[in-house]
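Contents: one structure, followed by commentary.
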Amino acid sequence: MTTTSARLVAGPSGLPPGFAHPHASEEARRIAETGLILRVQVGSGVHGTSVAGQDDRDEMGLCLEPPEFVTGLTRVPSGITGDQPSVRFEQYERHTAWDRPGGLANRSGAGDLDVIVYSARKWARLALAGNPTVLLVLFVPDEEVVFRNAAGAELTGNAHRFVSRLAAERFLGYLQGQKAAMTGAPGAHTNRPELVAVHGYDTKYAMHALRLGLQGVELLTTGRITLPVPEPDRAYLRAIRRGELALAEVLDAITSAEARLGVLKESSSVPAQPDRRWVDGWLHRSYLDFWASLSS
């Protein structure tokens, strides 16, 4: 595959204010905002599987942190008060549902924003290992990009550098975890008992399990993930989400996708390993350019 071009998007970079959570200090927020290179919508909204009036908005981003957090041992406070041991800066994580009475115990719902901005180095480690959640940001269409500067554009233009057969194991693991949770398998946990009460299974976990299977198969077959999920698969996923399909049919579809992933784990034509040399070079250039801009 060849490098593609990605346009710059000069959208908002501001993040919700800090909160009493280990990765939500005001200093962590400032680092994420100042060094932001990419911010996109993820979750059901970008997959095309959201249900009107039921879903929050999920966003993910990448940032470059100042040199003292990379070459030195500087840390950020743990939450607002900083009364717990400080932490390394790896991400800024904020859920606006925390602002309601109940705080961190609240589940996100319609109208809430869940945003996480990773250090580019942490994101790259996860992406190179084939993590389905972080790989997604490389394939988000332009209309779902909130912010993207030159470093972010270079990254998304080289999405193929991160694609490898390592992703098969990660997609399988995520799929199997969602599959276990949807049926309440021993040791699994569902936080949506209301869906189980109505439909006999957690329809949201079921939808995500099949989505992971479909997207994993596409990635390992074509080297890319199409967003939103193409039809007719998108309509089928939405039907699962609404509880319109029997559990047996849904399990058959998930098991079929799981089996295809298992085959592709060994037979996919995508590279066995990602292009770590290119990724190291991109990180090196991007951090040096960012640090130079801080002193100019």
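The values are calculated or read from the model by the stated rules, or taken from the named source; none is laboratory data. These numbers were taken from a predicted model, which means no experiment stands behind them. Please note: Cβ atoms are built from the backbone with ideal geometry, for glycine as well, and neighbour counts cover all protein chains shown. Protein only, heavy atoms only, side chains kept; ligands, DNA and RNA dropped before computing areas. Shrake-Rupley method; radii C 1.70, N 1.55, O 1.52, S 1.80 Å.
Summary table
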item	result
Overall form of the range 251-296 per C-alpha gyration tensor (a/c, 1.5; a/b vs b/c)	oblate
Summed side-chain charge close to THR203 - residues other than THR203 whose Cβ falls under 15 Å, Lys, Arg +1, Asp, Glu -1	+2
Hz values of 3J(HN,Hα) by residue in the range 60-77 - Karplus curve (6.51, -1.76, 1.60), Gly and Pro given as x	9, x, 10, 9, 10, 8, x, x, 5, 8, 10, 8, x, 10, 4, 10, 10, x
Solvent accessible area, Å² - LYS122, 1.4 Å probe, full protein context	40 Å²
Gain in span if fully extended, ALA150 to SER269, counting 0.36 nm per residue against the direct Cα distance	39.8 nm
Summed side-chain charge close to ARG7 - residues other than ARG7 whose Cβ falls under 14 Å, Lys, Arg +1, Asp, Glu -1	-3
Nitroxide proxy distance, nm - points 7 Å out along Cα→Cβ at ALA129 and VAL51	3.2 nm
Estimated [θ] at 222 nm from DSSP helical runs (n ≥ 4, -39500 (n - 2.57)) normalised by residues in the chain, nearest 500	-13500 deg cm²/dmol
Accessible-area value, TRP278, 1.4 Å probe, nucleic acids and ligands omitted, Å²	40 Å²
Inter-probe distance in nm under a simple model that places probes 7 Å from Cα toward Cβ, at ALA185 and LEU288	4.7 nm
Hydrodynamic radius of the range 145-237 per Kirkwood, over alpha carbon pairs, in Å	15.1 Å
Nonlocal amide H pairs with ARG57, under 5 Å, H built at 1.01 Å	GLY111, ASP112, LEU113, ASP114
Cut-off 18 Å, label 7 Å out along Cα→Cβ of ASP83, residues of the range 18-46 by amide N	19-26
Amide H contacts of VAL70 (H built 1.01 Å from N, under 5 Å, at least 5 apart or other chain)	none
Shape box of the chain [Cα atoms, principal axes, largest first, Å]	61, 50, 33
22 Å Cα-Cα reach of LYS265 towards lysines, excluding residues that sit fewer than 8 places from it in its own chain	LYS179
Sequence-distant residues sharing a close amide H with PHE89 (under 5 Å, placed H)	VAL76
Per-peptide average of other Cβ atoms within 10 Å, ordering 86-95, 219-228, 281-290, 39-48 highest first	39-48, 86-95, 219-228, 281-290
Debye intensity ratio in log₁₀ form over the Cα atoms of the range 102-164, taken at each q of 0.14, 0.15 Å⁻¹	-0.52, -0.58
Phi-based couplings in Hz for the range 253-269 (Karplus 6.51, -1.76, 1.60; Gly and Pro marked x)	5, 5, 4, 5, 5, 4, 5, 5, 4, x, 5, 5, 3, 9, 10, 4, 8
Nearest-20 debye value, the chain charge dipole, Cβ charges on Lys, Arg, Asp, Glu	460 debye
Ranked by how many other beta carbons lie within 10 Å on average, peptides 256-266, 124-134, 242-252 from highest	124-134, 256-266, 242-252
Student exercise, the range 29-175 dipole from Lys, Arg, Asp, Glu Cβ charges, in Debye to nearest 20	460 debye
Probe 1.4 Å - accessible area at LEU210, Å² to nearest ten	10 Å²
The range 122-268 - charge dipole about Cα centre, Lys and Arg +1 at Cβ, Asp and Glu -1, debye rounded to 20	380 debye
Order by protection proxy (mean Cβ within 10 Å, highest first), peptides 102-111, 162-171	162-171, 102-111
